[in-house]
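One structure is given below, encoded as C-alpha coordinates.
The values are calculated or read from the model by the stated rules, or taken from the named source; none is laboratory data. Here the structure is a predicted model, which is why all the values come from computation and not from measurement. Counting neighbours? That spans all protein chains shown, and the Cβs are built from the backbone with ideal geometry, glycine included. In case anyone asks, the SASA skips ligands and DNA or RNA and just uses the protein heavy atoms, side chains included. Shrake-Rupley method; radii C 1.70, N 1.55, O 1.52, S 1.80 Å.
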Amino acid sequence: MGFHESPWDLLRARHGDRSGSLVAPADVDPESKPGYLGGKAEGLATLASRAERLSELQELLYANGSRQGPSLLLVVQAMDTAGKGGIMRHVVGSMDPQGVSTASFIAPTDEEKRHHFLWRVRPHVPRNGFVGVWDRSHYEDVLIHRVRELTPLPEVQERYAEIRAFEQELVDDGTRIVKVMLHLSKDEQRERLAERLDRPDKFWKYSPGDVDERAYWDDYMDAYRIAIAETDTEAAPWFIVPANRKWYSRIAVQELLISALESMELEWPPADFDVEREKRRLAAS
(Lines give C-alpha, C1' and ligand atoms only; values in the text may rest on other atoms or scores of the structure.)
Protein backbone atom coordinates (compact mmCIF):
# COMPACT_ATOMS: atom_id res chain seq x y z
CA MET A 1 0.00 0.00 0.00
CA GLY A 2 1.23 3.49 -0.83
CA PHE A 3 -0.08 7.05 -0.87
CA HIS A 4 -3.28 7.52 -2.81
CA GLU A 5 -2.55 11.24 -3.13
CA SER A 6 0.82 12.96 -3.37
CA PRO A 7 2.21 14.32 -0.08
CA TRP A 8 3.89 17.01 -2.18
CA ASP A 9 0.46 18.51 -2.83
CA LEU A 10 -1.29 17.53 0.39
CA LEU A 11 1.38 18.75 2.81
CA ARG A 12 2.37 21.99 1.07
CA ALA A 13 2.11 24.94 3.41
CA ARG A 14 1.00 27.18 0.58
CA HIS A 15 -1.22 26.18 -2.29
CA GLY A 16 -0.23 27.68 -5.62
CA ASP A 17 2.17 30.64 -5.77
CA ARG A 18 2.99 33.05 -2.92
CA SER A 19 -0.40 34.69 -3.37
CA GLY A 20 -2.11 31.37 -2.64
CA SER A 21 -3.76 30.35 0.63
CA LEU A 22 -1.42 29.58 3.50
CA VAL A 23 -1.73 26.58 5.80
CA ALA A 24 -0.43 27.25 9.31
CA PRO A 25 0.52 24.55 11.84
CA ALA A 26 -2.71 25.29 13.71
CA ASP A 27 -4.63 24.24 10.59
CA VAL A 28 -3.05 20.76 10.56
CA ASP A 29 -4.13 17.89 12.82
CA PRO A 30 -0.90 16.32 14.18
CA GLU A 31 -2.74 13.00 14.49
CA SER A 32 -3.76 12.89 10.83
CA LYS A 33 -2.15 10.96 7.97
CA PRO A 34 -3.02 12.88 4.79
CA GLY A 35 -3.05 10.81 1.63
CA TYR A 36 -2.50 7.46 3.35
CA LEU A 37 -5.29 4.97 4.02
CA GLY A 38 -3.31 2.25 5.77
CA GLY A 39 -2.28 1.89 9.38
CA LYS A 40 1.05 1.40 11.12
CA ALA A 41 1.76 -2.07 9.72
CA GLU A 42 1.12 -0.91 6.17
CA GLY A 43 3.15 2.24 6.82
CA LEU A 44 6.17 0.28 7.95
CA ALA A 45 5.88 -1.89 4.84
CA THR A 46 5.69 1.24 2.67
CA LEU A 47 8.78 2.69 4.37
CA ALA A 48 10.72 -0.49 3.60
CA SER A 49 9.52 -0.86 0.01
CA ARG A 50 10.03 2.79 -0.96
CA ALA A 51 13.51 2.86 0.58
CA GLU A 52 14.78 1.05 -2.53
CA ARG A 53 13.36 3.73 -4.82
CA LEU A 54 14.84 6.53 -2.69
CA SER A 55 18.24 4.82 -2.69
CA GLU A 56 18.14 4.38 -6.47
CA LEU A 57 17.31 8.06 -7.04
CA GLN A 58 20.02 9.19 -4.63
CA GLU A 59 22.58 7.08 -6.50
CA LEU A 60 21.41 8.68 -9.75
CA LEU A 61 21.87 12.13 -8.21
CA TYR A 62 25.34 11.18 -6.95
CA ALA A 63 26.33 9.86 -10.37
CA ASN A 64 25.31 13.16 -11.95
CA GLY A 65 27.45 15.05 -9.44
CA SER A 66 30.51 14.04 -11.43
CA ARG A 67 29.33 16.36 -14.21
CA GLN A 68 28.28 19.27 -12.02
CA GLY A 69 24.75 18.00 -11.56
CA PRO A 70 22.18 19.30 -9.06
CA SER A 71 21.97 18.67 -5.31
CA LEU A 72 19.13 18.34 -2.80
CA LEU A 73 18.78 19.97 0.62
CA LEU A 74 16.32 18.67 3.20
CA VAL A 75 15.68 21.06 6.10
CA VAL A 76 13.98 19.48 9.13
CA GLN A 77 12.56 21.71 11.85
CA ALA A 78 10.48 20.61 14.83
CA MET A 79 9.81 20.90 18.51
CA ASP A 80 11.77 18.48 20.70
CA THR A 81 10.67 14.80 20.54
CA ALA A 82 8.90 15.34 17.20
CA GLY A 83 10.97 12.64 15.51
CA LYS A 84 13.88 14.33 13.77
CA GLY A 85 16.18 11.51 14.85
CA GLY A 86 13.82 8.92 13.42
CA ILE A 87 13.84 10.71 10.07
CA MET A 88 17.64 10.59 10.10
CA ARG A 89 17.78 6.88 10.93
CA HIS A 90 14.85 5.45 9.01
CA VAL A 91 14.62 7.73 5.96
CA VAL A 92 18.01 9.35 5.41
CA GLY A 93 19.66 6.15 6.68
CA SER A 94 18.41 4.20 3.66
CA MET A 95 20.59 6.26 1.33
CA ASP A 96 24.26 5.66 0.57
CA PRO A 97 26.20 7.68 3.17
CA GLN A 98 28.95 8.55 0.71
CA GLY A 99 26.46 10.79 -1.10
CA VAL A 100 24.77 12.29 1.97
CA SER A 101 26.01 15.14 4.15
CA THR A 102 24.30 15.91 7.45
CA ALA A 103 24.56 18.84 9.84
CA SER A 104 22.86 19.73 13.12
CA PHE A 105 22.66 23.35 14.19
CA ILE A 106 22.26 23.58 17.93
CA ALA A 107 23.07 26.63 20.05
CA PRO A 108 25.77 28.67 18.27
CA THR A 109 29.30 28.79 19.59
CA ASP A 110 30.90 32.05 20.68
CA GLU A 111 32.72 32.22 17.35
CA GLU A 112 29.51 31.67 15.39
CA LYS A 113 27.80 34.42 17.36
CA ARG A 114 30.40 36.89 16.11
CA HIS A 115 29.33 36.29 12.50
CA HIS A 116 26.22 36.82 10.41
CA PHE A 117 23.60 34.20 11.31
CA LEU A 118 23.96 32.45 7.92
CA TRP A 119 27.74 32.14 8.29
CA ARG A 120 27.62 28.80 10.07
CA VAL A 121 25.26 27.10 7.62
CA ARG A 122 26.97 28.08 4.37
CA PRO A 123 29.83 25.54 4.68
CA HIS A 124 27.22 22.78 4.90
CA VAL A 125 25.41 23.53 1.64
CA PRO A 126 25.43 20.19 -0.26
CA ARG A 127 27.92 19.77 -3.07
CA ASN A 128 26.88 18.76 -6.58
CA GLY A 129 25.32 15.32 -6.50
CA PHE A 130 24.84 15.26 -2.73
CA VAL A 131 21.77 15.10 -0.54
CA GLY A 132 22.27 17.53 2.34
CA VAL A 133 20.20 17.10 5.50
CA TRP A 134 19.96 19.80 8.17
CA ASP A 135 18.63 18.70 11.56
CA ARG A 136 17.57 22.18 12.65
CA SER A 137 18.93 24.99 10.54
CA HIS A 138 19.16 28.73 9.92
CA TYR A 139 15.49 28.83 10.98
CA GLU A 140 16.56 28.57 14.61
CA ASP A 141 17.56 32.22 14.22
CA VAL A 142 13.97 33.28 13.57
CA LEU A 143 12.23 30.75 15.82
CA ILE A 144 13.88 30.55 19.22
CA HIS A 145 15.36 34.01 18.68
CA ARG A 146 11.87 35.42 18.21
CA VAL A 147 10.28 33.47 21.07
CA ARG A 148 13.04 34.00 23.61
CA GLU A 149 13.90 37.51 22.38
CA LEU A 150 17.54 36.58 21.82
CA THR A 151 17.64 39.07 18.95
CA PRO A 152 15.72 42.36 18.67
CA LEU A 153 12.46 41.89 16.80
CA PRO A 154 13.32 44.35 13.98
CA GLU A 155 16.44 42.30 13.24
CA VAL A 156 14.47 39.07 13.29
CA GLN A 157 12.04 40.65 10.81
CA GLU A 158 14.94 41.47 8.48
CA ARG A 159 16.16 37.90 8.59
CA TYR A 160 13.16 36.55 6.69
CA ALA A 161 14.17 38.48 3.57
CA GLU A 162 17.77 37.36 4.06
CA ILE A 163 16.64 33.75 4.25
CA ARG A 164 14.56 34.07 1.08
CA ALA A 165 17.55 35.56 -0.74
CA PHE A 166 19.90 32.87 0.61
CA GLU A 167 17.62 30.04 -0.43
CA GLN A 168 17.05 31.54 -3.87
CA GLU A 169 20.83 31.75 -4.24
CA LEU A 170 21.10 28.02 -3.50
CA VAL A 171 18.34 27.19 -5.96
CA ASP A 172 19.98 29.30 -8.66
CA ASP A 173 23.18 27.34 -8.07
CA GLY A 174 21.38 24.03 -8.63
CA THR A 175 20.20 22.97 -5.17
CA ARG A 176 16.64 21.73 -4.78
CA ILE A 177 15.25 22.61 -1.33
CA VAL A 178 12.60 20.75 0.68
CA LYS A 179 11.71 22.29 4.07
CA VAL A 180 9.78 20.18 6.56
CA MET A 181 8.13 21.08 9.84
CA LEU A 182 7.34 17.95 11.84
CA HIS A 183 4.12 19.02 13.54
CA LEU A 184 3.67 17.42 16.96
CA SER A 185 0.90 18.10 19.47
CA LYS A 186 1.74 19.40 22.92
CA ASP A 187 0.03 16.43 24.56
CA GLU A 188 2.00 13.96 22.45
CA GLN A 189 5.22 15.70 23.39
CA ARG A 190 4.34 15.31 27.07
CA GLU A 191 3.87 11.56 26.56
CA ARG A 192 7.19 11.22 24.75
CA LEU A 193 9.03 13.17 27.43
CA ALA A 194 7.38 11.02 30.10
CA GLU A 195 8.59 7.90 28.32
CA ARG A 196 12.14 9.21 28.45
CA LEU A 197 11.81 9.65 32.21
CA ASP A 198 10.45 6.10 32.62
CA ARG A 199 13.25 4.42 30.68
CA PRO A 200 16.90 4.47 31.82
CA ASP A 201 18.01 3.91 28.23
CA LYS A 202 16.26 7.18 27.33
CA PHE A 203 17.61 9.37 30.15
CA TRP A 204 20.40 10.63 27.91
CA LYS A 205 17.80 12.06 25.51
CA TYR A 206 15.98 14.00 28.23
CA SER A 207 16.76 17.62 28.99
CA PRO A 208 15.10 19.57 31.82
CA GLY A 209 15.08 22.52 29.45
CA ASP A 210 12.50 20.71 27.31
CA VAL A 211 9.91 21.27 30.04
CA ASP A 212 10.87 24.95 30.28
CA GLU A 213 10.30 25.37 26.54
CA ARG A 214 6.78 23.89 26.83
CA ALA A 215 5.72 27.09 28.58
CA TYR A 216 6.32 28.87 25.26
CA TRP A 217 4.45 26.36 23.09
CA ASP A 218 1.91 28.81 21.68
CA ASP A 219 4.65 31.35 21.02
CA TYR A 220 6.64 28.75 19.09
CA MET A 221 3.61 27.80 17.01
CA ASP A 222 3.13 31.47 16.16
CA ALA A 223 6.83 31.82 15.33
CA TYR A 224 6.54 28.83 12.97
CA ARG A 225 3.44 30.33 11.37
CA ILE A 226 5.25 33.59 10.68
CA ALA A 227 8.44 31.94 9.46
CA ILE A 228 6.55 29.67 7.07
CA ALA A 229 4.44 32.55 5.76
CA GLU A 230 7.51 34.71 5.22
CA THR A 231 9.80 32.12 3.61
CA ASP A 232 7.61 29.67 1.70
CA THR A 233 8.36 30.08 -2.00
CA GLU A 234 7.93 27.95 -5.10
CA ALA A 235 11.70 27.54 -5.18
CA ALA A 236 11.98 26.58 -1.49
CA PRO A 237 8.61 25.26 -0.31
CA TRP A 238 7.55 24.40 3.22
CA PHE A 239 5.70 21.19 4.09
CA ILE A 240 3.85 20.70 7.39
CA VAL A 241 4.03 16.99 8.24
CA PRO A 242 1.76 15.58 10.99
CA ALA A 243 4.12 13.89 13.46
CA ASN A 244 2.04 12.27 16.21
CA ARG A 245 2.38 9.01 14.29
CA LYS A 246 6.10 8.48 13.80
CA TRP A 247 5.60 5.93 11.04
CA TYR A 248 3.49 8.39 9.05
CA SER A 249 5.94 11.30 9.30
CA ARG A 250 8.72 9.01 8.09
CA ILE A 251 6.92 7.77 4.99
CA ALA A 252 5.71 11.30 4.25
CA VAL A 253 9.24 12.76 4.33
CA GLN A 254 10.50 9.77 2.37
CA GLU A 255 7.90 10.44 -0.33
CA LEU A 256 8.73 14.16 -0.42
CA LEU A 257 12.37 13.31 -1.10
CA ILE A 258 11.38 10.84 -3.81
CA SER A 259 9.15 13.45 -5.46
CA ALA A 260 11.90 16.08 -5.37
CA LEU A 261 14.46 13.70 -6.89
CA GLU A 262 12.07 12.42 -9.55
CA SER A 263 11.25 15.98 -10.59
CA MET A 264 14.91 16.48 -11.52
CA GLU A 265 14.40 14.00 -14.40
CA LEU A 266 17.99 12.84 -14.20
CA GLU A 267 19.54 10.24 -16.48
CA TRP A 268 22.57 8.06 -15.97
CA PRO A 269 25.70 9.84 -17.22
CA PRO A 270 27.02 8.42 -20.50
CA ALA A 271 30.38 6.67 -20.55
CA ASP A 272 33.34 8.96 -21.21
CA PHE A 273 35.31 6.05 -22.67
CA ASP A 274 34.93 3.52 -25.49
CA VAL A 275 32.74 0.83 -23.95
CA GLU A 276 33.37 -1.83 -26.58
CA ARG A 277 37.13 -1.28 -26.42
CA GLU A 278 37.07 -1.63 -22.65
CA LYS A 279 35.10 -4.90 -22.96
CA ARG A 280 37.77 -6.28 -25.27
CA ARG A 281 40.58 -5.13 -22.99
CA LEU A 282 38.89 -6.64 -19.96
CA ALA A 283 38.27 -9.97 -21.69
CA ALA A 284 41.94 -10.14 -22.69
CA SER A 285 43.26 -9.24 -19.25
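Find out how many positive minus negative residues lie around Val91, taking Lys and Arg as positive, Asp and Glu as negative, among other residues whose Cβ is under 10 Å from that of Val91.
Values: positive: Arg50, Arg89, Arg250; negative: Glu255.
Charge balance in the 10 Å sphere: +2.
Express as a percent, rounded to the nearest 5, the fraction of DSSP beta bridges in the chain (both residues included) that run antiparallel. Don't skip to the answer; put the middle values down first.
Details: 2 of 25 bridges.
That works out to approximately 10 percent antiparallel.
Evaluate the relative contact order of region 129-259 (contact order divided by residue number), counting alpha-carbon pairs under 8 angstrom at least 6 apart; express in whole percent.
On the way: 99 pairs, mean separation 47.4, N = 131.
Computed value for region 129-259: 36 percent relative contact order.
Sort 179-190, 58-69 by the packing proxy (mean of other Cβ within 10 Å over each peptide's residues), most packed first. Present the calculation step by step, with values, prior to reporting the outcome.
On the way: 179-190: 20.2, 58-69: 17.0.
Descending packing order for the listed peptides: 179-190, 58-69.
Toward the positive end of the charge dipole of region 141-285, about the Cα centre and with charges on Cβ (Lys, Arg +1; Asp, Glu -1), which of Ser249, Ile163, Val178 goes farthest?
Final value for the positive-end residue is Ser249.
Using the Karplus curve 6.51 cos²θ - 1.76 cosθ + 1.60 with θ = phi - 60°, what ³J(HN,Hα) values do you get for each residue of region 197-207, in whole Hz, with x for Gly and Pro?
Values, residue by residue: 6, 8, 10, x, 6, 10, 4, 5, 8, 8, 10 Hz.
Which label marks the calculated value of volume of the Cα convex hull per residue in Å³, given the options (i) 133; (ii) 144; (iii) 176?
(iii)
Could you do me a favour and compute the accessible area per residue for region 31-86, 1.4 Å probe, result in Å²?
Working: 2260 Å² over 56 residues.
Per residue, region 31-86 has an accessible area of 40 Å².
Counting other Cβ atoms within 10 Å of each Cβ, which chymotrypsin sites (Phe, Trp or Tyr not before Pro) in region 184-285 have at most 15 and sit in a DSSP loop? Each step should come with its number before you reach the end.
Working: sites: Phe203, Trp204, Tyr206, Tyr216, Trp217, Tyr220, Tyr224, Trp238, Phe239, Trp247, Tyr248, Phe273; in loops: Tyr206, Tyr216, Phe273.
In loop regions of region 184-285 (DSSP not H, G, I, E or B), the sparsely surrounded chymotrypsin sites (Phe, Trp or Tyr not before Pro) are Tyr216, Phe273.
With a cut-off of 8 Å between alpha carbons and a minimum separation of six or more residues, what is the relative contact order of region 1-153 in percent?
Values: 166 pairs, mean separation 38.5, N = 153.
Computed value for region 1-153: 25 percent relative contact order.
Calculate one ³J(HN,Hα) per residue across region 58-72 by plugging θ = phi - 60° into the Karplus curve 6.51 cos²θ - 1.76 cosθ + 1.60, and present them in order as whole Hz with x for glycine and proline.
Values, residue by residue: 5, 5, 5, 4, 4, 4, 6, x, 5, 10, 6, x, x, 9, 9 Hz.
Starting from region 84-139, pick out the chymotrypsin sites (Phe, Trp or Tyr not before Pro) whose DSSP state is loop and whose Cβ has at most 14 other Cβ atoms within 10 Å. The partial results should precede the final answer.
Working: sites: Phe105, Phe117, Trp119, Phe130, Trp134, Tyr139; in loops: Phe105, Phe117, Trp119, Phe130, Tyr139.
Loop-located and lightly packed - Trp119.
Taking a cut-off of 20 Å between Cα atoms, list the lysines near Lys40, but don't count ones fewer than 8 places away on the same chain.
Lys84, Lys246
Roughly to the nearest percent, how much of the accessible area of the chain is carbon and sulfur, given a 1.4 Å probe? Spell out each step's value before the answer.
On the way: 7050 of 14270 Å².
That fraction is 49 percent.
Using only DSSP helix segments of four residues or longer, with each worth -39500 (n - 2.57), what per-residue ellipticity at 222 nm results for the chain after dividing by its residue count and rounding to 500?
Values: 11 runs with 131 residues, N = 285.
Helix-only estimate at 222 nm: -14000 deg cm²/dmol.
Search the structure for amide H atoms under 5 Å from the amide H of Leu73, placed 1.01 Å from N in the peptide plane, and list their residues when 5 or more places away or on another chain.
Residues meeting the amide H criterion: Gly132, Arg176, Ile177, Val178.
Would you please give the residues with an amide H less than 5 Å from that of Arg14, counting only those at least 5 places away or on a separate chain, with H modeled from the backbone geometry?
Val23, Trp238
Percent relative contact order of the chain, based on C-alpha pairs within less than 8 angstrom and at least six residues apart? Could the numbers behind the result be given before it?
On the way: 420 pairs, mean separation 90.3, N = 285.
Relative contact order, the chain: 32 percent.
Give the peptides 193-199, 170-176, 266-272 in descending order of average Cβ contacts within 10 Å, highest first.
Details: 193-199: 12.9, 170-176: 16.1, 266-272: 10.0.
In decreasing order of mean packing, 193-199, 170-176, 266-272 become 170-176, 193-199, 266-272.
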